[in-house]
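The values are calculated or read from the model by the stated rules, or taken from the named source; none is laboratory data. Just so we're clear, the structure is a prediction, and the values are computed from it rather than from any experiment. Neighbour counts run over all protein chains shown; Cβ positions are idealised from the backbone, glycine included. What goes into the accessible areas is simple: the full protein's heavy atoms, side chains included, and nothing from ligands, DNA or RNA. Shrake-Rupley method; radii C 1.70, N 1.55, O 1.52, S 1.80 Å.
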Protein chains: 4
Amino acid sequence: MPININAHIAFRFDQPTDFLLQMEGAVIPEQTLYGKGVICSASEHMARVPGEDMIGDRIWLRCQGDFTADYQVSAHIDRHLADISSLNALRPHQLPGETVSYLFDSRFCPADRFQPFVEAEFANTSGGARVQAIHDWVAGNFTYAPGTSDATTTAVDSFVERRGVCRDFAHVVVALARASAIPARFVSCYAPDVEPQDFHAVAEVFLADPGGDDDGTGSWHLVDATGMADPAEIVKIAVGRDAADVSFLTSYGMAQLLEKSITVSRG
Amino acid sequence: MPININAHIAFRFDQPTDFLLQMEGAVIPEQTLYGKGVICSASEHMARVPGEDMIGDRIWLRCQGDFTADYQVSAHIDRHLADISSLNALRPHQLPGETVSYLFDSRFCPADRFQPFVEAEFANTSGGARVQAIHDWVAGNFTYAPGTSDATTTAVDSFVERRGVCRDFAHVVVALARASAIPARFVSCYAPDVEPQDFHAVAEVFLADPGGDDDGTGSWHLVDATGMADPAEIVKIAVGRDAADVSFLTSYGMAQLLEKSITVSRG
Amino acid sequence: MPININAHIAFRFDQPTDFLLQMEGAVIPEQTLYGKGVICSASEHMARVPGEDMIGDRIWLRCQGDFTADYQVSAHIDRHLADISSLNALRPHQLPGETVSYLFDSRFCPADRFQPFVEAEFANTSGGARVQAIHDWVAGNFTYAPGTSDATTTAVDSFVERRGVCRDFAHVVVALARASAIPARFVSCYAPDVEPQDFHAVAEVFLADPGGDDDGTGSWHLVDATGMADPAEIVKIAVGRDAADVSFLTSYGMAQLLEKSITVSRG
Amino acid sequence: MPININAHIAFRFDQPTDFLLQMEGAVIPEQTLYGKGVICSASEHMARVPGEDMIGDRIWLRCQGDFTADYQVSAHIDRHLADISSLNALRPHQLPGETVSYLFDSRFCPADRFQPFVEAEFANTSGGARVQAIHDWVAGNFTYAPGTSDATTTAVDSFVERRGVCRDFAHVVVALARASAIPARFVSCYAPDVEPQDFHAVAEVFLADPGGDDDGTGSWHLVDATGMADPAEIVKIAVGRDAADVSFLTSYGMAQLLEKSITVSRG
């Protein structure tokens, strides 16, 4: 069933300001988008550069005064889905080069600090079963609580406070997976049933394909510890090491959010 | 004049342990290496993957017991050098896509937190002059003090304590440059005159080529606020967002450093 | 000239909640208060305990639903004022026992981290001249910016971001004074000319009385790096190691602020 | 059975340095000390001030060059011991004024951050049963691991890393108790069976005496989540909000530890 996205944002910039916009669904094999790219109000210029791992575009804009962006597409998802808990991890030396960066610490996911915890809490699991255990632990121990975190909240903060929003749940899953030597990245996305309706964020982990731990092939798999989004219905916008890489707006100057309205529906 | 590198490290692993080694000079146009790659003691396997930005190799190894790595090369540097303070910055929308990640916050360089400081302290500078001012400020206000920082020290910690080693000086320069909307990355390297002799680390910033702010071309330039290394004599090992990406050893299990001996000389 | 205080606050508690109120001027020799104590709406009970250093009262209350507190007094200040920059510090072993706690690190003032900075930045000063230099440095380098900090912001955060409100300015002065081995405490207070009108906070340092470095006598002196309050017009509410000790409301459960109106005037 | 303490420390100060020593058993009703006070090598001066809550002495000294302190006593403990899990908490408004500070956040125990965790993890407990549950949770989930923490490690760090030494175990217990609105302080002490032999640290919580929740009387009770020390055999040195208040040596200048030898035995 297609996923229909209708997104509208409005910002005000008091000064001429450069900013980066990442709110379009990514043009990648696993999802086909019907509709136009984002339609922006007048801007001094507009330049597209590829996002991390060549997934999605980042759009540079420059504007003073009011700025609006509208995005309307219908997406058809054709993503390979798997029972994560049955998959193995690739052994580190089998990991493709481009996944190695996703083992490292990042701004909001200081994974090294969680090694003693994952070793103790998830001692008897590995690979996909470890990821499933991490998912279940976060889902079972964290409270989804809008307003309790902000743009500076790290996975350590969330781990201590055991609450947050989708961004925070994803950061904790990413950090715990990396602490388990499993590459993990952060995915900004659209999905139906997100309450309240908004941009969404989930984790993505790299695991061996069935039989892949022999020949070193693997794939990325989506993990949403908030339980709100079904991997079969997620429209990816961008990926990155953590939220720092995929903000829908990164501004080099003061930006005032005037409006944000996201509707994602099926059918 | 060639730069001669003689590096020897020894580790002990009590358990069979996967680890990543990054200690070879990178094979890139700006430096030519004469000699063999790193020679390691027996390992269960060895796999090379490219480093960040395809600069240098990361080597996966797996070993139990004692491990040694020896690296001996002579490097000829042919790097374009410039008077940084005379260069302009590219405007953000002109930045090549692969440099954009280097504007974002990373584990040890939470650049967003330094925006008010750079705006106040370096108000009347921009581009290369801003980078020069950052260099001079760090060089003038920080003390090189081995033993005062460790692998968890961030640019914020160093900024507050105004001291550290090469890693910390580089983190602060990187963070302040990014806070100025100038892409900045972290470079692990070899260089003569580093006291005490050891691996070295410097910052690298992306600035417009002369006239490049018209046609959008730019280049990376090395910046060493410790003052110990001359860009004309630096042998790059690897680049990354910060030290998390370019450790000479990243181990997935306990590793005990037994020996590290680095000699870098001219001639 | 008397200082007239008119304070009104209203909170809502969804559950029966214990909370601590600290909003009355302290009854201490240096300030005489004309008027009643705080008048609260119905509470399950009310118990007074002395504040830190026996200065001011903390009032325990317990309430569900809406709660209001009104406080109206006229204060006459008779405080000994001094030119801080002319005073010496007491040598540590001369410090009265009750001031020693104010040398130690606290939640928001991790003074130990600032020792390298104070030694470098204020190298040629000591005692009151050091305090004056700290005051001038903060006043000259920090921006008073409501909305840029919150209840979790530490002196380290403020030092890095060089901005904040009265609470943050006071935390930085306290931390830098303690890093200089000068006892420093945090004072919540009322003062005219605070913009916008609100509770205020300043630092207080312990210095030798003139000639006191011979006989070991000293006194506390108010320091306001925001420049908004004159020590001759400050009405102290409470003192403590930092803001954690002197919040006007500390709640053991969710509290919703409905209203806060503070008017402080002369005459 | 008496507890025999034999402590010897040696430091070197390159410059004339003021420092504070806290290594004597406290002279308080619950423990009687037979023997002399600490015997120090020559010092420019020596001044005693009372410790926090008037428990134990802090000794100011000033010295250049080598400094030694020797302390030898036999202690007889006569402490009221209770089954903590059977005690109630006092309701906040019943708490004696001098215990209220021990509800607040401190440098190493930012208790406010743990409120969501304690409410979730220990939901069905209160008072002494809550303290017992906290003790059991820390004892069951943390690893005693010398060398994994240092003087800057906070309860948040330890909570994330689930390991540390006595100092860290005590900080976590203190933070979780305060987050439960139970006053908690940090106690430096001597105790037999501490492995390796060293100064020790435990938590202390304030709970209602049996029947005390009617008349508002309560007492402090020792809690050692490391399991190494028996409250009946602990010789208290000092109490405070956390380790910042009770270091055995707080130095205003560089101090080099040359030797520390602690022997605590029964009989």
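Here is how the numbers come out for the structure above:
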read-out	value
Pairs with Cβ under 8 Å, 6+ apart, first in region B:73-101 and touching a residue at least 12 places away in the same chain (Cβ under 8 Å) and within 14 Å of chain A (Cβ to nearest Cβ), second open to solvent by less than 30 Å² (accessible area, probe 1.4 Å) and among the basic types (K, R)	B:A89/B:R130; B:V100/A:R58; B:S101/B:R241
Qualifying helices (runs of 4 or more DSSP H) (wholly inside region B:111-177; at least 2 residues being of a type in the set (V, I, T))	B:127-141, B:155-161
Residue among D:D136, D:D150, D:D112, D:D168 that alone is away from chain C (no Cβ under 14 Å), of a type outside the set (A, V, I, L, M, F, W, C) and open to solvent by 30 Å² or more (accessible area, probe 1.4 Å)	D:D136
Condition broken by D:V27, with the remaining ones in (1) under 19 Å from D:G240 (Cβ atoms); (2) crowded, with 20+ Cβ neighbours inside 10 Å; (3) not charged (D, E, K, R) satisfied	(2)
Selected residue (criterion: modelled with the lowest pLDDT) from residues of region B:59-73 that are among the polar types (S, T, N, Q) and in contact with a Ser or Thr (Cβ under 9 Å, 6 or more places away or on another chain)	B:Q64
Residues satisfying the stated conditions in region A:1-18, i.e. crowded, with 22+ Cβ neighbours inside 10 Å and at pLDDT below 95	none
Enumerated strands (runs of 3 or more DSSP E) restricted to region B:189-267, each holding at least 1 residues that are under 18 Å from B:D53 (Cβ atoms)	B:200-208, B:218-223, B:235-240, B:249-252
Lone unmet requirement of (1) within 14 Å of chain A (Cβ to nearest Cβ); (2) closer than 16 Å to B:D224 by Cα; (3) part of a helix (DSSP H, G or I) for B:R185	(3)
Verdict on B:L207 being surrounded by fewer than 23 Cβ atoms within 10 Å (Cβ to Cβ) and either touching a Cys at 6+ places or on another chain (Cβ under 6 Å) or not small (G, A, S) (or both)	no
Hits in region D:115-130 - residues which are crowded, with 20+ Cβ neighbours inside 10 Å and either within 8 Å of chain C (Cβ to nearest Cβ) or under 30 Å from C:V239 (Cβ atoms) (or both)	D:V118
Cross-chain or 6+ apart pairs with Cβ under 6 Å, region B:174-194 first and closer than 18 Å to B:V246 by Cα, then aromatic (F, W, Y)	B:V174/B:F186; B:A175/B:F114; B:P183/B:Y102; B:P183/B:F206; B:A184/B:Y102; B:R185/B:Y102
Residue within region C:130-143 that is closer than 20 Å to B:D157 by Cα and of a type in the set (K, R) present	no
Failed item, numbered, when A:D198 is tested on (1) open to solvent by 20 Å² or more (accessible area, probe 1.4 Å); (2) within 24 Å of D:R162 (Cβ to Cβ)	(2)
Subset of region D:39-71 (residues that are open to solvent by 30 Å² or more (accessible area, probe 1.4 Å) and within 14 Å of another protein chain (Cβ to nearest Cβ))	D:C40, D:S43, D:E44, D:H45, D:M46, D:R48, D:P50, D:D53, D:M54, D:D57, D:R62
Of all residues in region D:100-109 being in a helix (DSSP H, G or I) and not aliphatic (A, V, I, L, M), the one that is surrounded by the most Cβ atoms within 10 Å (Cβ to Cβ)	D:Y102
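Results for (1) open to solvent by 20 Å² or more (accessible area, probe 1.4 Å); (2) within 12 Å of the chain's Cα centre (by Cα), shown as yes or no for each residue.
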| site | (1), (2) |
| --- | --- |
| D:G211 | yes, no |
| D:H221 | no, yes |
| D:M228 | yes, no |
| D:R241 | no, yes |
| D:D245 | no, yes |
| D:F248 | yes, yes |
| D:S251 | yes, no |
| D:V264 | no, no |
| D:G267 | yes, no |
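Condition check ((1) within 23 Å of B:E161 (Cβ to Cβ); (2) acidic (D, E); (3) touching a strand residue (DSSP E or B) at 6+ places or on another chain (Cβ under 8 Å)) across all residues:
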{"position": "C:A179", "(1), (2), (3)": "yes, no, no"}
{"position": "C:C189", "(1), (2), (3)": "no, no, yes"}
{"position": "C:V194", "(1), (2), (3)": "no, no, yes"}
{"position": "C:D209", "(1), (2), (3)": "no, yes, yes"}
{"position": "C:A225", "(1), (2), (3)": "yes, no, yes"}
{"position": "C:M228", "(1), (2), (3)": "no, no, yes"}
{"position": "C:I234", "(1), (2), (3)": "no, no, yes"}
{"position": "C:E259", "(1), (2), (3)": "no, yes, yes"}
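Here's the yes/no breakdown for (1) crowded, with 20+ Cβ neighbours inside 10 Å; (2) under 25 Å from A:I237 (Cα atoms); (3) in contact with an Asp or Glu (Cβ under 8 Å, 6 or more places away or on another chain):
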| position | (1), (2), (3) |
| --- | --- |
| A:L81 | no, yes, no |
| A:L95 | yes, yes, no |
| A:N141 | no, no, no |
| A:P146 | no, yes, no |
| A:V156 | yes, no, no |
| A:R163 | yes, yes, no |
| A:V174 | yes, yes, yes |
